[in-house]
RNA sequence: GGAGAGAUGGCUGAGCGGUUGAAAGCACCGGUCUUGAAAACCGGCAACGGGGCAACUCGUUCGUGAGUUCGAAUCUCACUCUCUCCGCCA
């Protein structure tokens, strides 16, 4: 949610920011509604003040048995006006909120300006593409060859974009998530949470998925939605609260399934388990003071990268451009892992600084030198487990159709070195 | 699923139609005392919004939303959540 004061004071800057994100300039319209709202409010409040005064007077008079029919008549008339103005004020409030809640965050000054993913910038790379003396296969070929990855059965159960894993591959997925959680909780300073996978509208509004992106979500019953990412319950842990400054920075993590309708992705990545309706992910969330959020984003990125480094998977980090960033973000780094079977880099993590965009929606503040200020929130994948599984399968495949178990995962496999 | 109780400031908790934005305690901040600290004592301490250069002033807020009333934390209705007991159950 945007700060209306910022728009009042910097309408041109605001419009430029929205333009960079592919939105129309709306500051003029917003400020018009805002002005109407405030004028209405002033009139309304004057009447309320008068009513309060008269009521007090009437109370006194009645207790003394004095006549006050004139005041009663006046107050009755005021009440009608109050009702009219209240309705108008509510209307303007709703209009304003409806516009503001659907506009994306203002990009950070270091976010490159651009239209599509083609304008994203390389931030850094790590490692090297592995060399194969055979043609590396794609993950689903390998998974199906070893009979541990089954899309047909999944389709019978649930339709397209689902997968069934079994035996060692299923165990590998579990090992990956354990490894990530262990690393983040012991070395990277995050506290682990077990969370609800069903949430209410309010939580999704808080992180920005609602009201604009309901098509991307699955519903569950009348009042619940399936979480599209643990960012939602993790970040909303601090909703509607006034945090003690001593509890900041707050770093939390959780391993959860994620559910996405992939409404806009029809026909995209249909083969394999790259883009599923359901996948698991270890999420990182930080709640910090505003001055710290930029460096916290770097720290979060490094936490995510540390997993890939330990797994010895080659990757590159991209700084997303204004046109490619998510709704709530002011700056985002994507980590793209190298997939030799696909001969391509693929997003495996996305780390974003949301500034105070989400904390305004959630009403999360902290007190600093007697002032209540909005916190900054950050979230990042650390990492997407399904895609990490894909990366391991493709990068660690052998010519005879086996998969080498990455060293850091062997402790979860009784020190075995290969999957088969 | 059945029966009952409740939701008040950062926390505990009083108030149940008219200076109650709300007693008291805790926490917190400032002061006195002390070599320093603690204790004790004194003082301060809600949020959000409108108007104003400002001092300041006005409004809203006692789970949420409607209603009754000149006036609602207090009365009515609906909803949400929490707790206790019974039943069922991983």
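Pairing the Cα long axis of helix A:27-63 with the longest principal axis of chain A, what angle in degrees results, from 0 to 90 and rounded to the nearest 10? Long axis of A:27-63 versus the principal axis of chain A: about 50 degrees. Only Cα pairs under 8 Å and 6+ residues apart enter the sum, and on that basis the relative contact order of chain A stands at 20 percent. Looking at the square roots a ≥ b ≥ c of the eigenvalues of the Cα gyration tensor of region A:4-100, which shape do they give, rounded for a/c under 1.5, prolate if a/b is larger than b/c, or oblate? Taking the square roots of the gyration eigenvalues as a ≥ b ≥ c, region A:4-100 is prolate. Relative contact order of region A:8-96, taken over Cα pairs closer than 8 Å and 6 or more residues apart, is 35 percent. As a rough footprinting exposure proxy, the listed residues A:198, A:85 were ranked by other beta carbons within 10 Å of their own, and the order from fewest upward is A:198, A:85.
Computed on region A:244-329, with alpha-carbon pairs under 8 angstrom and 6+ residues apart, the relative contact order is 30 percent. Strictly greater than 37 Å: what percent of every Cα pair in chain A meets that? In whole percent, the long-distance tail amounts to 35.
Taking only Cα atoms, what is the 0 to 90° angle, nearest 10, from helix A:11-20's long axis to the longest principal axis of chain A? With both axes taken from Cα atoms, the answer is about 30 degrees. Going from the fewest other Cβ atoms within 10 Å to the most, the residues A:135, A:365, A:331, A:166 appear in the order A:135, A:166, A:365, A:331. Across region A:41-64, the residues whose backbone nitrogen lies under 18 Å from the label position 7 Å along the beta-carbon direction of residue A:78 are A:41-63.
Relative to the longest principal axis of the Cα atoms of chain A, helix A:167-186 runs at roughly 50 degrees.
Give me D for region A:354-420 in µm² s⁻¹, whole number, from Stokes-Einstein with Rh from the Kirkwood sum over alpha-carbon pairs, 37 °C and 0.692 mPa s. In µm²/s, the coefficient is 209.
Among A:231, A:215, the ranking by other beta carbons within 10 Å of each residue's beta carbon, starting with the fewest, stands as A:215, A:231.
Any read-out appearing in this document is the output of simple, stated calculations on the displayed coordinates, not a laboratory observation. In this text the structure is predicted, and so the values were computed from the model without any measurement. Note that each Cβ is placed from the backbone with ideal geometry, even for glycine, and that neighbours are counted across all protein chains shown.
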